[in-house]
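Everything below concerns the one structure shown next.
Only the coordinates and a few stated rules stand behind these numbers; no lab work does. Worth saying up front: this structure is predicted, and the values here are computed from it rather than measured. Cβ placement follows ideal geometry from the backbone for every residue including glycine, while neighbour counts extend to all protein chains displayed.
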Amino acid sequence: METPIDKKIIPGRMLLIIDPQTDFINGTLPVPGAVNAMDSLAEYVRNCDGTYACKVITADWHPYGHMSFDDCGGAWPRHCVHDTVGAAIWPALFDAVFSTSGDSLVLHKGEQACKEEYSVFENPYAAGEIAARVRRHRISHIDICGLAGDICVLSSLRQGMELLPDVRFRVLTRFSPSIDGGRKLNEFIHHHDTLSDTITPLTDGQTDQ
Ligand SMILES: [Zn+2]
C-alpha cells in the first residue's frame, strides 16, 4: 500500500542514503569515520524533519556466496549477507528515517550472486521504485550520502545523474565518508558544476508552505 502524501512537508526533495549498514560501519568492512558520520546523519534527519518528501535507504543484500567476496574471487571481505546482523541498517538512523515525516523506504541491491551493484540504479527494481517516487513526489532535488563515499555513493550519484537528468543532485559530504579519504568523490564533485557539496542552507529556493 502506498504511503499517503504528507501535506506538512516541503515538496520536491528526496534524501537518498546509500548502504548505512553495520558491516560498513563497525562490522567486516568498516569505512573510516562511519560511526560518527551515521550518528550525525541520524541527528540531521531528525533536525530537518519536514524537509524531505521522500527518504530512501539502500542496502547491500548479498547471498552468502556473492562474487564480490574475496573467497569467491572478489575484492572485499564477506559483508552485508542478507538477513544477518552485518546487513542491518544502523539502528539510530533507521529510527530517525522512519520516525520523521514523509515517505520512507528501504531498497535492496546486490541480491544476485553473479552481479555487482555498487550503484542502486543498477538494480532494476530499486531504480524503478526511485523513479516512481521522483514522479509521485515531484522530486527536483536529491541529496545523496552514505557508505562508502568513493564506492557505492559515487556510483549511485554518477548513474542517478544520467538516469534522472532533470533532478539536481547534491552530495552531503559530511555524511559520506570514503575508504580513500574522499579523493574520488571530491574530484567528481569538483568536475561537475551542478553539484554542491554544502549541506546548508537546507531550504534554499524553497518557501515555507
Ligand atoms: Zn557489497
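Per-structure values
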item: Extreme residue, farthest from Trp76 (Cα to Cα), among residues of region 100-112 that are out of contact with any helix residue (DSSP H, G or I) (no Cβ under 8 Å at 6 or more places or on another chain) and without any contact (Cβ under 8 Å) to a residue 60 or more places away in the chain; result: Val106
item: Residue that is nearest to Glu129 (Cα to Cα) [pool: residues in region 52-78 that are under 17 Å from the mean Cα position of the chain (by Cα) and not in a strand (DSSP E or B)]; result: Ala53
item: Any hit, region 90-99, residues being away from the ligand (no atom under 16 Å from the Cβ), surrounded by fewer than 16 Cβ atoms within 10 Å (Cβ to Cβ) and either hydroxyl-bearing (Ser, Thr, Tyr) or assigned to a loop (DSSP other than H, G, I, E, B) (or both); result: yes
item: Tally, over region 93-120, of residues that are under 15 Å from Glu43 (Cα atoms) and either among the aromatic types (Phe, Trp, Tyr) or under 15 Å from the mean Cα position of the chain (by Cα) (or both); result: 5
item: The listed residue being out of contact with any strand residue (DSSP E or B) (no Cβ under 7 Å at 6 or more places or on another chain) and either within 16 Å of the ligand (Cβ to nearest atom) or part of a helix (DSSP H, G or I) (or both), out of Ala113, Ala126; result: Ala113
item: Output for region 37-87, where each listed residue is of a type in the set (Ser, Thr, Tyr) and out of contact with any strand residue (DSSP E or B) (no Cβ under 7 Å at 6 or more places or on another chain); result: Ser40, Tyr44, Thr84
